[in-house]
1. Binned at 10 Å from 0, what are the whole-percent values of the Cα-Cα distance distribution for the stretch 122-163, short to long?
2. Please report, as a whole percent, how much of the solvent-accessible surface of the chain comes from carbon and sulfur atoms (probe radius 1.4 Å).
3. Cα axis of helix 124-133 to longest principal axis of the chain: angle in degrees, 0 to 90, nearest 10?
4. Taking the Cα centre of the chain as origin, work out the dipole magnitude from +1 charges on Lys and Arg Cβ and -1 charges on Asp and Glu Cβ, in debye rounded to 20.
5. Please state the relative contact order of the chain as a whole percent: Cα pairs under 8 Å, 6+ residues apart?
6. With angles folded into 0 to 90 degrees, how steeply does helix 28-46 sit against the dominant principal axis of the chain? Use alpha carbons for both and round to 10.
7. With every protein chain left in place, what is the accessible area per residue of the stretch 45-157 in square angstrom, probe 1.4 Å?
8. Give the peptides 143-154, 110-121 in descending order of average Cβ contacts within 10 Å, highest first.
Amino acid sequence: MHLFKASAAGYGSSGAAFRGGALVACGVPALALGGSYLGFGALVRQSGLEVWAGLASTLTAWALPGQVILVEMSALGASLALVALAVALSAARLMPLTMTLVPWLRAPGVPRWRYFLAAHWIAVTGWAVTSQVAPRLPPEERLPFFTGFTLLIWGVSLACTAV
């Protein structure tokens with residue numbers, strides 16, 4: 001069976017798809033992001049910033065290249081406008097991922113705000129895994145799978161930033 005356990009018929013329910021996404025995230029994705037965010041937390045501390053600043057960054061931005069830019073430029077004393085521009089340019093790389101993944105996540109009857117919320121969590125890891133799994137899932141299970149996957153790795157990223 002394929003690494004991602006979804007069969008051609010899917011998981012059978014939205015709740016099972018959510019749990020399936022979280023289960024897929026428990027392996028290499030959580031380990032890789034956890035290790036990366038341990039390093040980010042160390043960078044935050046070494047830069048003289050408080051842990052809450054690192055957590056706020058991971059909570060609101062959750063894009064490691066932009067977060068590193070934010071911390072490094074802040075530590076160098078760059079102006080807020082320059083830091084914001086650099087972070088925005090870094091984040092622009094996620095727009096094509098969002099534009100290709102969100103149409104796969106759509107299902108009839110799902111409120112639009114859920115897609116806006118899900119777009120916040122689109123990063124390379126979630127995009128890559130969901131792009132592989134979504135075509136095999138019924139439309140109503142795609143967003144729950146993605147949400148379960150990304151919430152787990154986002155939580156791991158927050159915890160490892162704090163550590």
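1. 29, 48, 18, 5
2. Values: 6210 of 8690 Å².
Answer for the chain: carbon and sulfur cover 71 percent of the accessible area.
3. That helix lies at roughly 10 degrees to the long axis.
4. 380 debye
5. Worked out over the chain, it gives 47 percent.
6. The helix 28-46 is inclined about 20 degrees to the chain.
7. 54 Å²
8. 143-154, 110-121
The values are calculated or read from the model by the stated rules, or taken from the named source; none is laboratory data. The structure presented is a predicted model; accordingly, all values stated were derived computationally and were not measured. As a convention, Cβ positions derive from the backbone with ideal geometry for all residues, glycine included, and neighbour counts pool all protein chains shown. The accessibility values were calculated without ligands, DNA or RNA, using every heavy atom of the protein model including side chains. Shrake-Rupley method; radii C 1.70, N 1.55, O 1.52, S 1.80 Å.
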